[in-house]
Amino acid sequence: MKQKVVLLLLASLGVVFLGNVCFAQQLKVAYVDLTKIFSEYYKTQEYDKILGDKQNAYEQERDKMVSEIKQFQDKMNLLSDKEKDAKKAELENKIKNLQEFDRSKQGDLRKEQDEKMKELLKDINEAIKQYCQQQGYTLVFNDRVLVYQDKSLDITDKIIEIINKNKPTQVSTPKKK
């Protein structure tokens with residue numbers, strides 16, 4: 001019992017001491033909306049298009065495989081029971097190949113998306129760190145964990161400007177007359 005009281009007393013003193021140190025330094029606090037930063041980051045938009053194209057190519061290939069299986073099943077329905085039994089293994093193999101294709105492609109897409117999100121988050125975190133060091137911020141929070149936010153503490157738009165600063169400009173092609 002005495003140990004618990006001593007631990008509680010030490011913890012309380014630690015909190016008081018830490019609080020005094022933090023307020024003595026004058027905290028400069030801000031927060032960012034990571035969802036908005038991700039959605040407005042030009043690299044995210046570029047990647048979404050690339051991933052969408054890959055997803056469409058996967059779906060087209062999958063649809064082709066499904067169509068072949070359906071055609072094979074339709075042909076099997078016209079066969080006698082003995083001929084159906086002979087073709088059953090081939091049908092099962094086609095279905096198994098489709099399932100493996102689905103697992104493989106979905107896993108590849110998910111892995112690629114995770115890797116890209118880590119890369120984008122690294123860029124965003126670096127931009128936040130640089131901005132906050134330049135501006136003298138002590139703490140920056142993600143808005144997802146805040147219960148109340150004063151909009152004057154929101155530095156999201158400044159971070160978006162920084163990360164989009166190096167956005168490559170698209171070269172427009174001259175219109176033919």
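The values are calculated or read from the model by the stated rules, or taken from the named source; none is laboratory data. Nothing here was measured: the structure is a model prediction, and the numbers come from that model. Note that we place each Cβ from the backbone using ideal geometry, even for glycine, and neighbour counts take in every protein chain shown.
Got at least one residue in segment 14-28 being surrounded by 12 or more Cβ atoms within 10 Å (Cβ to Cβ), modelled with pLDDT under 95 and outside any helix (DSSP H, G or I)?
yes
May I ask you to list the residues in segment 72-82 that are in a helix (DSSP H, G or I) and either surrounded by fewer than 12 Cβ atoms within 10 Å (Cβ to Cβ) or among the basic types (Lys, Arg) (or both)?
Within segment 72-82, ASP74, LYS75, ASN77, ASP81, LYS82 meet the criteria.
Working carefully through the options ILE95, ILE124, find the one that is in contact with a helix residue (DSSP H, G or I) (Cβ under 8 Å, 6 or more places away or on another chain) and touching a residue at least 60 places away in the same chain (Cβ under 8 Å).
Being in contact with a helix residue (DSSP H, G or I) (Cβ under 8 Å, 6 or more places away or on another chain) and touching a residue at least 60 places away in the same chain (Cβ under 8 Å) holds for just one of ILE95, ILE124, which is ILE124.
Residues checked against (1) of a type in the set (Ser, Thr, Tyr); (2) farther than 28 Å from ILE50 by Cβ; (3) over 19 Å from the mean Cα position of the chain (by Cα):
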position	(1), (2), (3)
GLY107	no, no, no
ARG110	no, no, no
VAL145	no, yes, no
TYR148	yes, yes, yes
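Of the conditions (1) surrounded by 12 or more Cβ atoms within 10 Å (Cβ to Cβ); (2) more than 30 Å from TYR42 (Cβ to Cβ); (3) under 25 Å from the mean Cα position of the chain (by Cα), ILE69 clears all except one; give me its number.
(3)
With the checklist (1) in contact with a helix residue (DSSP H, G or I) (Cβ under 9 Å, 6 or more places away or on another chain); (2) of a type in the set (Ser, Thr, Tyr); (3) assigned to a helix (DSSP H, G or I) in hand, flag the one item SER67 doesn't pass.
(1)
A quick yes/no check of all residues on (1) touching a Ser or Thr at 6+ places or on another chain (Cβ under 8 Å); (2) over 30 Å from GLN135 (Cβ atoms); (3) surrounded by 13 or more Cβ atoms within 10 Å (Cβ to Cβ); (4) not charged (D, E, K, R):
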residue	(1), (2), (3), (4)
ALA30	no, no, yes, yes
GLN55	no, yes, yes, yes
GLU59	no, yes, no, no
LYS111	no, yes, no, no
LYS116	no, no, yes, no
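Tally the residues that are at pLDDT 90 or above, in a helix (DSSP H, G or I) and exposed (fewer than 11 other Cβ atoms within 10 Å of the Cβ), restricting the search to segment 127-150.
Here the count works out to 2.
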